[in-house]
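First comes the structure, then the notes that go with it.
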Amino acid sequence: MGFVSEFKEFAMKGNVIDLAIGVVIGGAFGKIVSSLIDDVITPLLLKPALDAANLSNIADLKAGAVKYGSFLSNIISFIIVALVLFLIIKGINAAKKKEAAAPAAPAEPSAQEKLLMEIRDALKK
């Protein structure tokens with residue numbers, strides 16, 4: 001098998017495609033979380049603290065030469081992403097449990113069991 005055909009076979013495997021889709025969706029989700037932090041959480045929850053520090057953005061927080069505001073912003077982003085992913089996984093697991101809890105249809109009797117049931121029914125008559 002040639003190098004190009006091996007690479008094509010590798011790239012077209014389901015796991016690679018699933019991973020690529022996950023990376024693209026993760027990037028888009030990261031932008032949503034960044035917007036949530038910068039446009040919603042920071043103005044609503046952190047506004048009083050930022051006003052007290054005479055700042056307009058959490059990323060501007062610093063102590064001397066150390067800019068720790070950006071670090072705090074990234075920590076908040078991580079916590080929100082982790083929380084949302086936890087809730088999504090919890091919902092998926094709950095749906096799987098409901099699906100698994102549904103009773104399975106009774107198994108079809110084997111040929112031997114059918115024959116024995118026919119004999120039993122014939123003896124009853």
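Each value in this text was obtained by applying a stated rule to the coordinates, not by laboratory testing. All figures in this text were calculated on a predicted structure; none of them were measured in a lab. A quick note on method: Cβ atoms are made from the backbone with ideal geometry, for glycine too, and the neighbour counts reach across all protein chains shown.
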Q) Once you treat every alpha carbon in segment 3-124 as an equal point and sum by Debye, what is log10 I(q)/I(0) at q = 0.12, 0.20, 0.23 Å⁻¹? A) -0.76, -1.12, -1.25
**Q.** Packing-based exposure ordering (other Cβ within 10 Å, fewest first) of Ile80, Ile75
**A.** Ile75, Ile80
Q.
From the phi angles alone, apply the Karplus equation (6.51, -1.76, 1.60; θ = phi - 60°) to segment 48-55 and give each ³J(HN,Hα) in whole Hz, x where the residue is Gly or Pro.
A. x, 5, 5, 5, 5, 8, 6, 10
Q) Any idea what the dipole of segment 10-125 comes to, in debye rounded to 20, about its Cα centre with Lys/Arg Cβ at +1 and Asp/Glu Cβ at -1? A) 320
Q | Over the chain: helical MRE at 222 nm, DSSP H runs n ≥ 4 each giving -39500 (n - 2.57), nearest 500 | A | -23000 deg cm²/dmol
Q) List the lysines whose alpha-carbon lies under 25 Å from that of Lys62, not counting same-chain residues fewer than 8 positions away? A) Lys31, Lys47
(Q) Given an 8 Å cut-off on Cα distances and at least 6 residues of separation, report the relative contact order of the chain as a percent. (A) 14
Q) Helix hunt in the chain: which complete DSSP H runs extend at least 24 Å axially by C-alpha with mean Kyte-Doolittle at least -1.0? A) 14-35, 69-101
Q | Pairwise Cα inverse-distance average, inverted: Kirkwood Rh of segment 68-111 (Å) | A | 13.9
Q) When we measure straight from the Cα of Lys124, which aspartates and glutamates land under 18 angstrom away, once same-chain ones fewer than 8 places off are left out? A) Glu113
(Q) Taking amide H atoms as placed 1.01 Å from N in the peptide plane, list the residues 5 or more away in sequence, or in a different chain, whose amide H sits under 5 Å from that of Tyr68. (A) Lys62, Ala63
Q: Divide the volume of the convex hull of the Cα atoms of segment 1-62 by its number of residues and quote the answer in cubic angstrom per residue.
A: 109
